[in-house]
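What follows is calculated from the coordinates using simple rules that are stated; it is not laboratory data. Computed from a predicted structure; not experimentally measured. No Cβ is skipped: glycine too gets one built from the backbone with ideal geometry, and neighbour counts run over all protein chains shown.
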Amino acid sequence: MTTDGFTTCLWFDNEAEEAAHFYVSVFKNSGIGRVAHYTEGSPRPAGTVLTVEFTANGHKFLALNGGPEFKFSEAVSFVIHCEDQEEIDYYWTKLTEDGGEPGPCGWLKDKYGVSWQVTPSRLDDMISDPDPAKAERAMTAMLSMHKLDLAALEKAYAGE
């Protein structure tokens, strides 16, 4: 990994390597980097995975097996900007399968508890439209959904 930019550290109990492989399988432009292991005298058995460097959709992550002390919350989430309904459906399905949880307004938690927002790229333009009626219709439609329906959002935005 390079030292430029930012790397997001995700703290897991024991699932760092499994989670890294899962995210790499879901996102394009992804890969596994270095894997570090606990050494003798560490708080975990020597040879146990400590960290896994990986990229998911070009974003740098460090998955850390740090123990059960900390849990993920919705206070931090990753936004996936999708170009069409097919892409929304793909990420929604992949990230909620095997124990993930759907949430409101395009939010979900994956099976590891990490929060994601699966949203059409165009949504920000809709809800910030200078025409307050259009923006309100789009916002009201979004607030009524779990997985976002791009056609329904577009229809509400247009006033149809």
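Between beta-carbons, use under 14 Å as the cut-off and find the net charge around Met126, counting Lys and Arg +1, Asp and Glu -1. Before the final figure, lay out each step's value.
On the way: positive: Arg122, Lys134, Arg137, Lys155; negative: Asp124, Asp125, Asp129, Asp131, Glu136, Asp149, Glu154, Glu160.
Charge balance in the 14 Å sphere: -4.
Using a simple spin-label model with points 7 Å from Cα along the Cα→Cβ vector, what separation in nm is obtained for Arg34 and Thr93? It is 3.8 nm. Taking only the alpha carbons of region 42-94, we obtain Rg and Dmax values of 15.7, 47 Å in that order. The count of lysine pairs in the chain with alpha-carbon distances below 14 Å, taking only pairs 8 or more places apart or on different chains, stands at 9. Rounded to two decimals, the Cα radius of gyration of region 1-116 over 2.2 N^0.38 Å is 1.11. Structure remark: mean-square fluctuation, Gaussian network model of the chain, C-alpha springs under 10 Å; the largest value among Lys60, Lys147, Lys109 belongs to Lys60. Applying a DSSP loop filter and a limit of 14 other Cβ atoms within 10 Å to the chymotrypsin sites (Phe, Trp or Tyr not before Pro) in region 24-86 leaves Phe70. Among Pro104, Pro45, Pro120, the residue with the largest mean-square fluctuation in a Gaussian network model of the chain, with springs joining Cα atoms closer than 10 Å, is Pro45.
Could you compute the net charge surrounding Ser144? Neighbours are other residues with a C-beta less than 14 Å from the C-beta of Ser144; K and R count +1, D and E count -1. Cβ neighbours under 14 Å give a net charge of +1. For the chain, the longest principal axis of the C-alpha atoms and the axis of helix 85-96 are separated by about 40°. Of the residues Val76, Ser128, Thr140, the one whose Cα sits farthest towards the positive end of the charge dipole of the chain is Val76 (charges of +1 on Lys and Arg Cβ, -1 on Asp and Glu Cβ, taken about the Cα centre).
Of the GluC sites (Glu not before Pro) found in region 27-106, those that fall in a DSSP loop while having at most 15 other beta-carbon atoms within 10 Å are Glu40, Glu69, Glu74, Glu83, Glu97. Classify region 55-160 from the C-alpha gyration tensor, please: rounded if a/c falls under 1.5, else prolate or oblate depending on whether a/b exceeds b/c. Cα axes put region 55-160 in the prolate bin.
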